[in-house]
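Each remark here refers to the structure printed beneath this line.
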Amino acid sequence: MKSVYSRIFVTVSIASLLMLALGTAVSFVMVSQRIERLAGHDAAHVAAAAAAAVDRGGEAALRDWLQAEDAAQDDKRVLVVGKEGTDLLGRAVPPGLASRTPAILKPDPELSSPALYPTRWVPQVRLPDGRRLAVYLVERDPSWWSQVGIKELPLLLIALAIVMSGAVAGILARSFSRPVRELARATRSFSAGLAAPDISARVIGRNDELGTLARDFTAMAGRLEHLLNARDQLVRDMSHELRTPLARLNVAIELLRRHDPESRLEADVARIQQQVDRLDHMIGSILSLSRLDAMSRPPKFQVIELSPFVEEVVEDARLEAAQRHCALELHDAENVQARVYANPMILGSALQNVLRNAIRHTSEGTHIDIRLKEAGGEVGIVVQDRGPGVPADALAHIFEPFYRVEGAQPRDPSGSGLGLAIAARAMRLHRGSARARNLSAGGLEVTLTLPRVAEGETPLEPDYFGIEAPRLNS
């Protein structure tokens with residue numbers, strides 16, 4: 001079929017025809033069985049025998065005959081019902097027969113026998129005193145089907161229609177949901193950075209709009225994958241090509257220093273060395289950011305104790321802080337017993353970048369405060385510096401790559417503008433967040449928030465940049 005509409009139209013039409021045919025068949029079978037049971041050959045034969053008993057001995061003979069019939073081990077029972085709806089022997093009468101009997105017992109002027117009334121639907125017998133009785137042949141243990149009357153027929157047909165509609169809806173849902181699920185899975189896979197989304201040939205080969213969508217998506221994914229691979233290759237090539245002349249510059253600087261024993265050019269050489277180091281650091285940051293963006297399968301994650309991990313990272317950064325004439329103070333970290341699911345290398349890089357940013361901007365002779373803060377199911381690493389802070393309208397942008405606050409003059413201008421961007425993307429990978437706010441007393445506070453892992457809890461997979469991932473199997 002060439003379209004989803006035609007598929008739905010044909011399926012619904014076939015289902016409607018099937019429901020009509022099935023309803024007609026059920027109605028015909030039910031009515032036919034009712035007629036056969038009330039006025040069929042067996043009922044007529046039994047009514048004739050009852051009339052013969054009346055002819056032989058009146059009501060008493062009819063009672064004896066009914067008792068003999070009732071004692072027989074047969075699957076059917078003969079009921080003789082009067083206009084009151086009760087059986088001659090006082091046996092139970094089905095409600096439907098009891099309610100219809102008064103209307104059935106009507107006089108017939110053309111009698112072939114003084115005892116037998118062979119009416120069109122239900123045969124009747126007449127007693128010597130003139131009373132007329134309807135003769136029914138019913139099952140001793142009726143099935144549910146035989147108990148369904150004409151009044152219940154509409155409900156039965158509605159139930160059949162619901163069942164048929166449910167079956168058709170299930171078929172249509174399966175026909176449409178399977179390719180949609182495959183496309184959704186391929187979309188999640190592709191957005192997570194995985195190569196070549198796998199869509200089955202059956203979905204791609206469909207002749208409707210879903211097949212067209214699958215083919216277009218596959219073509220788009222292939223093109224985007226090619227562009228992303230080209231971008232990554234370009235970044236790697238550029239970084240390599242840039243680092244090669246930087247290495248040569250470092251060699252040239254070292255040679256220049258050897259040929260300048262009196263250090264007359266040291267100030268100029270130091271400035272050149274500073275710019276070379278800055279370029280080298282920027283290239284390294286670009287590569288780190290590119291790896292985080294292109295990461296399809298991050299390094300192994302594990303559950304770690306956050307407090308000793310933070311202590312180790314802070315200890316490593318103390319030397320750099322001392323060189324910039326400031327101090328790092330970690331407050332009460334041992335009092336926070338929090339476990340997180342993280343990659344130590346990536347999380348450590350994020351915290352190092354935040355600390356390095358604080359060291360560059362804090363005032364000389366001050367200290368930087370680091371705290372761990374628990375809130376609900378999360379734990380935060382809070383870093384507070386004593387710098388000038390950030391304008392309020394820039395707080396939302398400082399985690400963007402290469403963003404610099406206009407007019408800002410850090411004590412160390414060697415930053416690449418990528419440190420906080422790397423930290424933010426690393427935290428997103430850990431299903432956490434990076435936030436910043438200005439302190440009322442001056443300075444900037446950056447908080448790295450991570451989800452806690454409780455004892456015995458199964459952690460969540462890393463967030464592949466916006467993908468809802470299920471919990472890992474324990």
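The values are calculated or read from the model by the stated rules, or taken from the named source; none is laboratory data. Everything quoted here is computed from the prediction, not taken from an experiment. Every residue, glycine as well, gets a Cβ built from its backbone with ideal geometry; the counts of neighbours run over all protein chains shown.
Key figures for this structure:
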{"quantity": "Residue list for segment 12-28, filter: at pLDDT below 75 and touching a helix residue (DSSP H, G or I) at 6+ places or on another chain (Cβ under 9 Å)", "calculated": "26, 27"}
{"quantity": "Which numbered condition residue 369 misses (of (1) within 15 Å of residue 448 (Cα to Cα); (2) at pLDDT below 90; (3) out of contact with any helix residue (DSSP H, G or I) (no Cβ under 9 Å at 6 or more places or on another chain))", "calculated": "(2)"}
{"quantity": "Filtered residues of segment 314-343 (kept if small (Gly, Ala, Ser) and part of a loop (DSSP other than H, G, I, E, B))", "calculated": "338"}
{"quantity": "Selected residue (only one of 173, 186 is part of a helix (DSSP H, G or I), more than 24 Å from residue 17 (Cβ to Cβ) and either of a type in the set (Val, Ile, Thr) or at pLDDT 70 or above (or both))", "calculated": "186"}
{"quantity": "Within segment 418-458, tally of residues that are at pLDDT below 90 and of a type in the set (Val, Ile, Thr)", "calculated": "3"}
{"quantity": "Residue check, residue 293 over 22 Å from residue 380 (Cα atoms), outside the structural domain of residue 429 (by TED's automatic domain parsing) and either modelled with pLDDT of 85 or more or over 31 Å from the mean Cα position of the chain (by Cα) (or both)", "calculated": "no"}
